[in-house]
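To start, the structure under review is shown below, and the notes come after it.
Values quoted throughout were computed directly from the atomic coordinates according to the rules given, and no laboratory measurement underlies them. Bear in mind that the values here come from a model prediction, so they are computed numbers and not experimental data.
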Amino acid sequence: MIMTGLYQKTTGLVILMGLLLLLSTGEAQSNRDCCLSYTKKPLPKRIIRGYMEQLSSEVCDINAVIFYTKNGFRACANPKDMWVQKHLRWLSGKLKRMSHSQHF
């Protein structure tokens, strides 16, 4: 009976450690895609295909705008920079024009 109790405790501990390992691996995987710093140079508008916002209140450490380029790269930009705000307004206007032209 002593061995059964010890076996149950050991099994429980192994399961708990496995779960903790899975959780920590999942968090590390999601942090891998976070921007950790900002690009120093403004991107030309002609190469931008789209963007996504990264919020520090979620998984990542800093707020950022992630621009996706036509050649498949991504660039992290500071949302407070004037050039970033201008690019976002330009992309927003482009999207509005596209949605209006889609209506028959």
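Scaling against 2.2 N^0.38 Å puts the C-alpha radius of gyration of the range 35-104 at 1.19. Once the Cα-Cα distance is subtracted from the 0.36 nm per residue extended length, the Gln85 to Ile47 segment shows a gain of 12.0 nm. With 0.36 nm allotted per residue and the present C-alpha distance subtracted, the Asp33-Glu58 stretch has 7.7 nm of extension available.
Amide H contacts of Asn63: Ser56, each under 5 Å away and 5 or more positions distant or on a separate chain (H built 1.01 Å from N in the peptide plane; Pro and chain starts excluded).
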